[in-house]
Amino acid sequence: MNLDNETLKILEHAVATWKSGFDSLPEVESSSNHKDLDPILQRVASKLHNNYPYQHPMYLGQMMKPPHPIAHLAYTLAMSTNPNNHALDGGRASSEMEKDAVQQIAEMIGWKNGLGHLCGGGTVANLEALWVSRELTESRLIAVSDQAHYTHSRCASLLGIDCQVIESDTRGRMRTAALQEVLDKHSVGTVVVTLGTTGLGAIDPLEEILALQEQYQFRIHIDSAYGGYFKLAGNLSEYATRQYELMHRADSIVIDPHKHGLQPYGCGCVLFKDPSVARVYKHDSPYTYFTSDQLHLGEISLECSRAGAAAVALWATLQRFPLEPHGEFPTGLESGRSAAIELYEWLSQSQFYSPVVAPELDIVVWSVRTESASESSAKAREIFDAAAEADLHFALVTLPRKLVEEKSDIQNWDQSELTCLRACVMKPEHQDWMPRILELFGKISRTVLG
(Lines give C-alpha, C1' and ligand atoms only; values in the text may rest on other atoms or scores of the structure.)
Protein backbone atom coordinates (compact mmCIF):
# COMPACT_ATOMS: atom_id res chain seq x y z
CA MET A 1 0.00 0.00 0.00
CA ASN A 2 1.25 3.46 -0.88
CA LEU A 3 0.34 6.37 1.39
CA ASP A 4 -0.68 8.61 -1.49
CA ASN A 5 -2.46 11.95 -1.10
CA GLU A 6 -5.91 10.42 -1.57
CA THR A 7 -5.28 7.82 1.12
CA LEU A 8 -3.94 10.43 3.52
CA LYS A 9 -7.08 12.53 2.97
CA ILE A 10 -9.24 9.53 3.94
CA LEU A 11 -7.16 9.08 7.09
CA GLU A 12 -7.33 12.80 7.89
CA HIS A 13 -11.14 12.70 7.58
CA ALA A 14 -11.33 9.68 9.90
CA VAL A 15 -9.03 11.31 12.45
CA ALA A 16 -11.29 14.36 12.51
CA THR A 17 -14.32 12.14 13.19
CA TRP A 18 -12.40 10.33 15.94
CA LYS A 19 -11.41 13.60 17.60
CA SER A 20 -15.01 14.82 17.59
CA GLY A 21 -15.94 12.03 20.00
CA PHE A 22 -13.71 13.58 22.67
CA ASP A 23 -14.61 17.25 22.25
CA SER A 24 -15.63 17.54 25.90
CA LEU A 25 -12.05 17.00 27.09
CA PRO A 26 -9.74 19.97 27.68
CA GLU A 27 -7.14 20.50 24.96
CA VAL A 28 -3.68 19.04 25.61
CA GLU A 29 -0.70 20.75 24.06
CA SER A 30 1.52 18.33 22.15
CA SER A 31 4.99 17.83 23.62
CA SER A 32 6.39 16.46 20.35
CA ASN A 33 9.01 18.45 18.49
CA HIS A 34 7.97 17.72 14.93
CA LYS A 35 11.22 19.12 13.56
CA ASP A 36 13.02 16.14 15.10
CA LEU A 37 10.74 13.60 13.44
CA ASP A 38 11.55 14.11 9.76
CA PRO A 39 15.28 13.31 9.87
CA ILE A 40 14.63 10.23 12.02
CA LEU A 41 11.95 8.95 9.65
CA GLN A 42 14.26 9.58 6.71
CA ARG A 43 16.85 7.33 8.35
CA VAL A 44 14.14 4.73 9.04
CA ALA A 45 13.05 4.84 5.39
CA SER A 46 16.63 4.35 4.23
CA LYS A 47 17.17 1.42 6.59
CA LEU A 48 13.98 -0.21 5.28
CA HIS A 49 15.62 -0.44 1.85
CA ASN A 50 17.42 -3.44 3.34
CA ASN A 51 14.23 -5.50 2.96
CA TYR A 52 13.04 -7.68 0.16
CA PRO A 53 10.11 -6.07 -1.71
CA TYR A 54 7.49 -8.06 0.20
CA GLN A 55 4.71 -5.81 -1.06
CA HIS A 56 5.41 -6.38 -4.78
CA PRO A 57 4.12 -9.19 -7.05
CA MET A 58 7.73 -9.98 -8.01
CA TYR A 59 8.14 -11.25 -4.46
CA LEU A 60 6.97 -14.88 -4.15
CA GLY A 61 9.24 -15.92 -1.29
CA GLN A 62 7.86 -16.18 2.23
CA MET A 63 4.17 -16.00 3.18
CA MET A 64 4.07 -12.22 2.96
CA LYS A 65 0.76 -10.77 1.78
CA PRO A 66 0.44 -6.97 2.07
CA PRO A 67 -2.30 -5.64 4.34
CA HIS A 68 -5.21 -4.11 2.50
CA PRO A 69 -5.37 -0.28 2.68
CA ILE A 70 -8.47 -0.45 4.90
CA ALA A 71 -6.53 -2.56 7.44
CA HIS A 72 -3.57 -0.18 7.29
CA LEU A 73 -5.76 2.88 7.79
CA ALA A 74 -7.91 1.36 10.53
CA TYR A 75 -4.82 0.17 12.43
CA THR A 76 -3.25 3.64 12.19
CA LEU A 77 -6.46 5.30 13.35
CA ALA A 78 -6.82 2.92 16.31
CA MET A 79 -3.28 3.76 17.41
CA SER A 80 -4.60 7.23 18.26
CA THR A 81 -5.73 5.66 21.54
CA ASN A 82 -3.56 2.49 21.48
CA PRO A 83 -6.24 0.22 23.05
CA ASN A 84 -5.36 -2.95 24.95
CA ASN A 85 -7.84 -5.81 24.43
CA HIS A 86 -6.90 -7.67 27.59
CA ALA A 87 -9.75 -6.03 29.49
CA LEU A 88 -12.80 -4.01 28.47
CA ASP A 89 -11.41 -1.22 30.60
CA GLY A 90 -8.41 -0.98 28.28
CA GLY A 91 -10.20 -1.46 24.98
CA ARG A 92 -13.97 -1.19 25.10
CA ALA A 93 -14.67 -0.44 21.44
CA SER A 94 -11.82 -2.59 20.11
CA SER A 95 -12.85 -5.55 22.29
CA GLU A 96 -16.36 -5.46 20.85
CA MET A 97 -14.85 -5.29 17.36
CA GLU A 98 -12.67 -8.30 18.16
CA LYS A 99 -15.60 -10.37 19.40
CA ASP A 100 -17.55 -9.50 16.25
CA ALA A 101 -14.63 -10.23 13.91
CA VAL A 102 -13.81 -13.54 15.59
CA GLN A 103 -17.48 -14.56 15.41
CA GLN A 104 -17.43 -13.92 11.66
CA ILE A 105 -14.43 -16.24 11.28
CA ALA A 106 -16.19 -18.86 13.42
CA GLU A 107 -19.30 -18.63 11.25
CA MET A 108 -17.15 -19.07 8.13
CA ILE A 109 -16.08 -22.41 9.64
CA GLY A 110 -19.67 -23.29 10.51
CA TRP A 111 -19.72 -22.53 14.26
CA LYS A 112 -22.53 -20.34 15.58
CA ASN A 113 -21.55 -20.48 19.26
CA GLY A 114 -17.80 -21.03 19.28
CA LEU A 115 -15.26 -19.37 21.56
CA GLY A 116 -12.16 -17.59 20.39
CA HIS A 117 -9.97 -14.53 20.26
CA LEU A 118 -7.09 -12.93 18.39
CA CYS A 119 -3.46 -13.37 19.38
CA GLY A 120 0.03 -12.59 18.13
CA GLY A 121 0.14 -15.35 15.53
CA GLY A 122 -0.15 -19.04 14.76
CA THR A 123 2.48 -20.21 17.23
CA VAL A 124 0.72 -18.69 20.25
CA ALA A 125 -2.68 -19.74 18.88
CA ASN A 126 -1.55 -23.37 18.49
CA LEU A 127 0.05 -23.29 21.94
CA GLU A 128 -3.28 -22.22 23.45
CA ALA A 129 -5.22 -24.89 21.60
CA LEU A 130 -2.80 -27.63 22.67
CA TRP A 131 -2.78 -26.31 26.24
CA VAL A 132 -6.57 -26.56 26.40
CA SER A 133 -6.35 -30.05 24.91
CA ARG A 134 -3.82 -31.03 27.55
CA GLU A 135 -6.15 -29.90 30.32
CA LEU A 136 -9.10 -31.77 28.81
CA THR A 137 -7.29 -35.02 27.94
CA GLU A 138 -5.23 -35.55 31.11
CA SER A 139 -1.96 -34.78 29.28
CA ARG A 140 -2.31 -37.63 26.78
CA LEU A 141 0.12 -37.37 23.89
CA ILE A 142 -0.19 -35.27 20.72
CA ALA A 143 0.13 -36.74 17.22
CA VAL A 144 1.34 -34.54 14.34
CA SER A 145 2.45 -35.13 10.77
CA ASP A 146 6.14 -34.92 9.91
CA GLN A 147 5.11 -32.10 7.56
CA ALA A 148 3.24 -30.17 10.27
CA HIS A 149 4.73 -26.90 11.47
CA TYR A 150 7.77 -27.43 13.68
CA THR A 151 6.22 -25.36 16.48
CA HIS A 152 3.84 -28.18 17.43
CA SER A 153 6.63 -30.33 18.83
CA ARG A 154 8.04 -27.24 20.55
CA CYS A 155 4.62 -26.46 22.05
CA ALA A 156 4.32 -30.06 23.24
CA SER A 157 7.70 -29.74 24.92
CA LEU A 158 6.66 -26.50 26.63
CA LEU A 159 3.48 -28.18 27.84
CA GLY A 160 5.27 -31.29 29.03
CA ILE A 161 3.38 -33.60 26.67
CA ASP A 162 4.83 -36.35 24.50
CA CYS A 163 4.61 -35.61 20.77
CA GLN A 164 4.36 -38.50 18.30
CA VAL A 165 5.39 -37.64 14.73
CA ILE A 166 3.35 -39.42 12.05
CA GLU A 167 4.81 -40.24 8.66
CA SER A 168 3.43 -38.38 5.65
CA ASP A 169 2.86 -39.75 2.15
CA THR A 170 4.54 -38.60 -1.08
CA ARG A 171 2.08 -35.69 -1.34
CA GLY A 172 3.00 -34.40 2.10
CA ARG A 173 -0.26 -35.56 3.74
CA MET A 174 -0.44 -37.43 7.03
CA ARG A 175 -0.71 -41.19 6.44
CA THR A 176 -3.79 -42.39 8.28
CA ALA A 177 -2.47 -45.97 8.33
CA ALA A 178 0.61 -44.72 10.20
CA LEU A 179 -1.64 -42.72 12.54
CA GLN A 180 -3.74 -45.80 13.27
CA GLU A 181 -0.63 -47.76 14.19
CA VAL A 182 0.19 -45.11 16.79
CA LEU A 183 -3.40 -45.02 18.04
CA ASP A 184 -3.28 -48.79 18.58
CA LYS A 185 -0.12 -48.52 20.68
CA HIS A 186 -0.53 -45.24 22.57
CA SER A 187 -3.15 -43.17 24.35
CA VAL A 188 -3.46 -40.17 22.04
CA GLY A 189 -5.27 -37.11 23.36
CA THR A 190 -5.03 -34.82 20.34
CA VAL A 191 -4.36 -35.25 16.63
CA VAL A 192 -3.17 -32.11 14.83
CA VAL A 193 -4.58 -31.97 11.31
CA THR A 194 -2.91 -29.46 9.01
CA LEU A 195 -5.02 -27.92 6.27
CA GLY A 196 -2.31 -26.18 4.31
CA THR A 197 1.22 -27.10 5.41
CA THR A 198 3.71 -24.27 5.24
CA GLY A 199 6.18 -26.28 3.16
CA LEU A 200 4.07 -27.73 0.36
CA GLY A 201 0.59 -26.39 1.08
CA ALA A 202 -0.51 -30.01 1.64
CA ILE A 203 -3.89 -30.85 3.13
CA ASP A 204 -4.13 -33.70 5.63
CA PRO A 205 -7.00 -36.22 5.16
CA LEU A 206 -9.40 -34.81 7.76
CA GLU A 207 -12.16 -37.02 6.39
CA GLU A 208 -10.24 -40.20 7.27
CA ILE A 209 -8.99 -38.87 10.60
CA LEU A 210 -12.57 -38.06 11.65
CA ALA A 211 -13.44 -41.70 11.00
CA LEU A 212 -10.60 -42.76 13.31
CA GLN A 213 -11.78 -40.28 15.95
CA GLU A 214 -15.06 -42.18 16.28
CA GLN A 215 -13.11 -45.31 17.17
CA TYR A 216 -10.31 -43.87 19.33
CA GLN A 217 -11.96 -40.80 20.94
CA PHE A 218 -9.23 -38.16 20.58
CA ARG A 219 -9.57 -34.40 20.08
CA ILE A 220 -8.91 -32.94 16.65
CA HIS A 221 -7.05 -29.66 16.40
CA ILE A 222 -6.81 -28.11 12.92
CA ASP A 223 -3.78 -25.97 12.20
CA SER A 224 -4.97 -23.90 9.27
CA ALA A 225 -2.97 -20.80 10.12
CA TYR A 226 -1.93 -20.49 6.49
CA GLY A 227 -4.76 -22.22 4.67
CA GLY A 228 -7.92 -21.55 6.68
CA TYR A 229 -9.51 -18.90 4.50
CA PHE A 230 -9.43 -21.25 1.50
CA LYS A 231 -12.64 -22.74 2.86
CA LEU A 232 -14.28 -19.96 0.84
CA ALA A 233 -12.42 -20.64 -2.41
CA GLY A 234 -14.40 -22.20 -5.24
CA ASN A 235 -11.55 -23.56 -7.36
CA LEU A 236 -9.97 -26.19 -5.10
CA SER A 237 -9.66 -29.85 -5.98
CA GLU A 238 -12.50 -32.18 -5.06
CA TYR A 239 -10.31 -33.72 -2.34
CA ALA A 240 -9.39 -30.34 -0.80
CA THR A 241 -12.98 -29.12 -0.93
CA ARG A 242 -14.16 -32.19 1.01
CA GLN A 243 -11.64 -31.61 3.78
CA TYR A 244 -12.62 -27.95 4.17
CA GLU A 245 -16.30 -28.84 4.24
CA LEU A 246 -15.58 -30.94 7.34
CA MET A 247 -13.67 -28.25 9.28
CA HIS A 248 -16.63 -27.62 11.57
CA ARG A 249 -16.25 -31.09 13.08
CA ALA A 250 -12.88 -30.24 14.66
CA ASP A 251 -12.57 -29.32 18.34
CA SER A 252 -10.27 -26.35 17.81
CA ILE A 253 -8.93 -24.41 14.84
CA VAL A 254 -6.19 -21.86 14.25
CA ILE A 255 -6.35 -19.35 11.39
CA ASP A 256 -3.96 -16.42 10.87
CA PRO A 257 -5.64 -13.29 9.46
CA HIS A 258 -2.13 -11.90 8.87
CA LYS A 259 -1.51 -14.57 6.22
CA HIS A 260 -4.48 -14.56 3.83
CA GLY A 261 -6.77 -12.22 5.78
CA LEU A 262 -5.10 -9.00 4.51
CA GLN A 263 -3.91 -7.98 8.01
CA PRO A 264 -0.66 -6.55 9.32
CA TYR A 265 1.43 -8.69 11.65
CA GLY A 266 0.67 -9.96 14.20
CA CYS A 267 -2.87 -11.15 13.97
CA GLY A 268 -3.58 -14.82 14.66
CA CYS A 269 -6.83 -16.40 15.78
CA VAL A 270 -7.65 -19.46 17.90
CA LEU A 271 -11.18 -20.90 17.98
CA PHE A 272 -12.90 -23.63 19.99
CA LYS A 273 -16.14 -25.35 19.00
CA ASP A 274 -17.27 -25.84 22.61
CA PRO A 275 -17.48 -22.49 24.45
CA SER A 276 -17.39 -24.28 27.80
CA VAL A 277 -13.61 -24.69 27.42
CA ALA A 278 -13.52 -21.17 28.86
CA ARG A 279 -13.39 -22.92 32.25
CA VAL A 280 -9.81 -23.96 31.48
CA TYR A 281 -8.80 -20.30 31.39
CA LYS A 282 -10.70 -19.38 34.54
CA HIS A 283 -8.92 -16.80 36.70
CA ASP A 284 -9.61 -13.44 38.30
CA SER A 285 -7.85 -10.10 37.98
CA PRO A 286 -9.57 -7.62 40.31
CA TYR A 287 -7.46 -4.69 39.14
CA THR A 288 -8.37 -5.10 35.45
CA TYR A 289 -11.82 -6.73 35.31
CA PHE A 290 -13.73 -4.20 37.39
CA THR A 291 -16.10 -2.10 35.28
CA SER A 292 -18.19 -4.69 33.47
CA ASP A 293 -19.77 -8.09 33.98
CA GLN A 294 -19.39 -8.76 30.25
CA LEU A 295 -16.66 -11.10 29.02
CA HIS A 296 -13.18 -9.58 29.11
CA LEU A 297 -11.05 -11.16 26.38
CA GLY A 298 -8.21 -11.59 28.85
CA GLU A 299 -10.43 -14.12 30.64
CA ILE A 300 -10.17 -16.49 27.66
CA SER A 301 -6.60 -15.81 26.56
CA LEU A 302 -3.14 -16.94 27.65
CA GLU A 303 -1.75 -13.56 26.62
CA CYS A 304 -2.54 -10.52 28.71
CA SER A 305 -1.85 -7.24 26.89
CA ARG A 306 -2.79 -7.45 23.21
CA ALA A 307 -3.00 -4.78 20.53
CA GLY A 308 -6.59 -3.59 20.15
CA ALA A 309 -5.51 -1.96 16.89
CA ALA A 310 -5.17 -5.43 15.35
CA ALA A 311 -8.83 -6.14 16.13
CA VAL A 312 -9.92 -2.78 14.72
CA ALA A 313 -8.01 -3.44 11.49
CA LEU A 314 -9.54 -6.90 11.10
CA TRP A 315 -13.06 -5.69 11.86
CA ALA A 316 -12.73 -2.88 9.29
CA THR A 317 -11.43 -5.31 6.68
CA LEU A 318 -14.39 -7.61 7.24
CA GLN A 319 -16.73 -4.67 6.60
CA ARG A 320 -15.04 -4.24 3.23
CA PHE A 321 -14.61 -7.97 2.50
CA PRO A 322 -17.32 -10.13 4.15
CA LEU A 323 -16.40 -13.80 4.55
CA GLU A 324 -18.90 -15.06 2.01
CA PRO A 325 -18.51 -17.55 -0.85
CA HIS A 326 -18.41 -16.03 -4.35
CA GLY A 327 -17.52 -12.59 -2.99
CA GLU A 328 -14.58 -10.32 -3.69
CA PHE A 329 -12.45 -11.80 -0.91
CA PRO A 330 -12.57 -15.45 -2.07
CA THR A 331 -12.08 -14.22 -5.64
CA GLY A 332 -8.68 -12.94 -4.52
CA LEU A 333 -7.83 -16.35 -3.04
CA GLU A 334 -8.95 -18.07 -6.22
CA SER A 335 -6.81 -15.82 -8.40
CA GLY A 336 -3.72 -16.68 -6.36
CA ARG A 337 -4.47 -20.38 -6.70
CA SER A 338 -5.01 -19.98 -10.47
CA ALA A 339 -1.64 -18.25 -10.74
CA ALA A 340 -0.05 -21.08 -8.76
CA ILE A 341 -1.51 -23.64 -11.18
CA GLU A 342 -0.19 -21.60 -14.12
CA LEU A 343 3.29 -21.67 -12.59
CA TYR A 344 2.99 -25.41 -11.88
CA GLU A 345 1.98 -26.16 -15.48
CA TRP A 346 4.88 -24.06 -16.82
CA LEU A 347 7.31 -25.95 -14.59
CA SER A 348 5.81 -29.28 -15.69
CA GLN A 349 6.68 -28.45 -19.30
CA SER A 350 10.13 -27.03 -18.52
CA GLN A 351 13.30 -28.86 -19.51
CA PHE A 352 14.97 -27.57 -16.35
CA TYR A 353 12.53 -28.29 -13.50
CA SER A 354 10.34 -30.95 -11.89
CA PRO A 355 7.41 -29.86 -9.67
CA VAL A 356 7.25 -31.81 -6.42
CA VAL A 357 3.43 -31.97 -6.15
CA ALA A 358 0.47 -30.30 -7.82
CA PRO A 359 -0.47 -27.33 -5.63
CA GLU A 360 -3.48 -27.82 -3.37
CA LEU A 361 -3.60 -24.10 -2.48
CA ASP A 362 -1.17 -21.42 -3.68
CA ILE A 363 2.28 -22.82 -2.78
CA VAL A 364 4.40 -24.31 -5.59
CA VAL A 365 7.61 -26.29 -4.97
CA TRP A 366 9.99 -27.62 -7.61
CA SER A 367 13.44 -29.17 -7.99
CA VAL A 368 16.16 -28.62 -10.57
CA ARG A 369 16.66 -31.51 -13.00
CA THR A 370 20.17 -32.93 -12.62
CA GLU A 371 21.74 -36.35 -12.14
CA SER A 372 22.65 -35.99 -8.45
CA ALA A 373 20.81 -34.63 -5.43
CA SER A 374 23.80 -32.53 -4.35
CA GLU A 375 24.07 -30.89 -7.76
CA SER A 376 20.32 -30.23 -7.88
CA SER A 377 20.48 -28.56 -4.45
CA ALA A 378 23.43 -26.42 -5.51
CA LYS A 379 21.68 -25.36 -8.72
CA ALA A 380 18.53 -24.47 -6.80
CA ARG A 381 20.56 -22.08 -4.64
CA GLU A 382 22.19 -20.66 -7.77
CA ILE A 383 18.80 -20.03 -9.38
CA PHE A 384 17.53 -18.47 -6.13
CA ASP A 385 20.44 -16.01 -6.10
CA ALA A 386 20.24 -15.22 -9.83
CA ALA A 387 16.49 -14.57 -9.63
CA ALA A 388 16.93 -12.26 -6.63
CA GLU A 389 19.56 -10.29 -8.59
CA ALA A 390 16.91 -9.77 -11.26
CA ASP A 391 14.35 -8.65 -8.62
CA LEU A 392 12.42 -11.93 -8.78
CA HIS A 393 12.23 -13.44 -5.31
CA PHE A 394 11.52 -17.09 -4.49
CA ALA A 395 12.26 -19.14 -1.35
CA LEU A 396 14.23 -22.32 -0.72
CA VAL A 397 12.90 -25.38 1.10
CA THR A 398 14.72 -28.59 2.08
CA LEU A 399 12.63 -31.74 1.64
CA PRO A 400 13.23 -35.41 2.45
CA ARG A 401 13.94 -37.71 -0.47
CA LYS A 402 10.58 -39.51 -0.23
CA LEU A 403 8.68 -36.30 -1.10
CA VAL A 404 10.77 -35.53 -4.17
CA GLU A 405 11.88 -38.81 -5.68
CA GLU A 406 8.60 -39.79 -7.36
CA LYS A 407 8.59 -36.77 -9.70
CA SER A 408 12.33 -36.21 -9.94
CA ASP A 409 14.85 -37.22 -12.62
CA ILE A 410 17.63 -37.54 -10.06
CA GLN A 411 19.51 -40.84 -10.38
CA ASN A 412 22.26 -40.38 -7.80
CA TRP A 413 20.84 -39.75 -4.33
CA ASP A 414 24.13 -38.81 -2.72
CA GLN A 415 22.27 -37.02 0.09
CA SER A 416 19.04 -37.80 1.93
CA GLU A 417 17.46 -34.37 1.44
CA LEU A 418 17.00 -32.04 -1.49
CA THR A 419 16.97 -28.25 -1.60
CA CYS A 420 14.10 -27.09 -3.80
CA LEU A 421 12.70 -23.77 -4.93
CA ARG A 422 9.39 -22.62 -3.50
CA ALA A 423 6.92 -19.88 -4.45
CA CYS A 424 4.06 -18.49 -2.36
CA VAL A 425 1.69 -17.17 -5.01
CA MET A 426 -0.46 -15.34 -2.47
CA LYS A 427 -1.12 -11.91 -3.91
CA PRO A 428 -4.28 -11.33 -5.98
CA GLU A 429 -2.07 -9.47 -8.49
CA HIS A 430 -0.03 -12.60 -9.19
CA GLN A 431 -2.50 -13.86 -11.78
CA ASP A 432 -2.03 -10.77 -13.97
CA TRP A 433 1.72 -10.72 -13.32
CA MET A 434 2.38 -14.41 -13.95
CA PRO A 435 3.15 -14.09 -17.71
CA ARG A 436 5.76 -11.43 -16.95
CA ILE A 437 7.18 -13.49 -14.06
CA LEU A 438 7.44 -16.60 -16.22
CA GLU A 439 9.11 -14.72 -19.07
CA LEU A 440 11.79 -13.38 -16.71
CA PHE A 441 12.17 -16.73 -14.94
CA GLY A 442 12.62 -18.46 -18.29
CA LYS A 443 15.46 -16.11 -19.21
CA ILE A 444 17.15 -16.62 -15.84
CA SER A 445 16.79 -20.41 -16.16
CA ARG A 446 18.32 -20.49 -19.65
CA THR A 447 21.22 -18.33 -18.51
CA VAL A 448 22.03 -20.40 -15.41
CA LEU A 449 21.04 -23.89 -16.55
CA GLY A 450 20.99 -23.79 -20.36
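The values are calculated or read from the model by the stated rules, or taken from the named source; none is laboratory data. Keep in mind the model is a prediction, meaning the values are calculated, not measured. A quick note on method: Cβ atoms are made from the backbone with ideal geometry, for glycine too, and the neighbour counts reach across all protein chains shown. Ligands, DNA and RNA are excluded from the accessible area calculation, which covers all protein heavy atoms including side chains. Shrake-Rupley method; radii C 1.70, N 1.55, O 1.52, S 1.80 Å.
General remarks:
- Shape analysis of segment 57-117 places it in the oblate category; the axes a ≥ b ≥ c from the Cα gyration tensor give an a/c of at least 1.5, with a/b not above b/c.
- For segment 257-376, the alpha-carbon radius of gyration amounts to 1.64 times the rule-of-thumb value 2.2 N^0.38 Å expected for a compact globular protein.
- In units of the compact-protein estimate 2.2 N^0.38 Å, segment 314-450 shows a Cα radius of gyration of 1.17.
- Taken over the C-alpha atoms, segment 374-445 has Rg and Dmax values of 13.7, 40 angstrom.
- Share of Cα-Cα pairs in segment 139-285 lying beyond 25 Å, as whole percent: 26
- Pair Ser276, Cys304: separation of 7 Å Cα→Cβ label points (nm): 3.1
- Estimated FRET transfer efficiency when R0 is 41 angstrom, pair Glu406-Ser157 (beta carbons, to 0.05): 0.80
- Taking every DSSP helix (H) stretch of at least 4 residues in the chain, weighting each as -39,500 (n - 2.57) and dividing the sum by the residue count yields a mean residue ellipticity at 222 nm of -13500 deg cm²/dmol.
- Rounded to the nearest 0.05, the FRET efficiency derived from the C-beta distance between Asn50 and Thr398 at R0 = 22 Å is 0.30.
- Multiplying the residue separation of His34 and Glu96 by 0.36 nm and removing their Cα-Cα distance gives an extension gain of 18.9 nm.
- Gyration tensor verdict on segment 411-450 (Cα atoms; rounded if a/c is under 1.5, prolate if a/b is larger than b/c, oblate otherwise): oblate
- Counting protein heavy atoms only, the chain has 49 percent of its accessible area on carbon and sulfur, 1.4 angstrom probe.
- Per residue accessible area in Å² of the chain, where ligands, DNA and RNA are left out and the probe is 1.4 Å: 47
- Farthest toward positive dipole pole in segment 44-129 [+1 Lys/Arg, -1 Asp/Glu at C-beta], among Tyr54, Gly122, Ser95: Tyr54
- Taking every Cα-Cα distance in segment 1-135 and sorting them into 5 Å bins from zero, the calculated P(r) comes out as 2, 7, 9, 14, 18, 17, 14, 10, 6, 3, 1 percent.
- The Cα-based radius of gyration and maximum Cα-Cα distance (Dmax) for segment 118-164 are 10.1, 28 Å.
- Rounded to the nearest 20 debye, the dipole magnitude of the chain is 280 debye, with +1 charges on Lys and Arg beta carbons, -1 on Asp and Glu beta carbons, and the Cα centre as origin.
- Contact order normalised by residue count of the chain, Cα under 8 Å, 6+ apart, percent: 20
- For segment 1-152: relative contact order, % (alpha-carbon pairs under 8 angstrom, 6 or more apart): 14
- Span per principal axis, largest first, for the Cα atoms of segment 239-282 (Å): 33, 30, 8
- The reciprocal of the average 1/r between distinct C-alpha atoms defines the Kirkwood hydrodynamic radius, which for the chain equals 23.6 Å.
- Largest first, the three principal axis extents of the alpha carbons in segment 64-204 are 55, 33, 29 Å in whole numbers.
- Cβ-Cβ distance of Ser374 and Glu328, R₀ of 45 Å, FRET efficiency by 1/(1 + (r/R0)^6): the value works out to about 0.45.
- Alpha-carbon centroid distance for the pair segment 170-209 / segment 398-424, whole angstrom: 22
- Gyration tensor verdict on segment 1-77 (Cα atoms; rounded if a/c is under 1.5, prolate if a/b is larger than b/c, oblate otherwise): oblate
- Extended-chain gain in nm, criterion 0.36 nm per residue less alpha-carbon gap, Leu8 and Ser20: 2.5 nm
- Ratio of Rg to Rh for segment 41-91: 1.11 [Cα atoms; Kirkwood radius as inverse mean 1/r over pairs].
- Lys/Arg +1, Asp/Glu -1 at C-beta; the chain dipole; positive extreme among His326, Trp346, Phe230: Trp346
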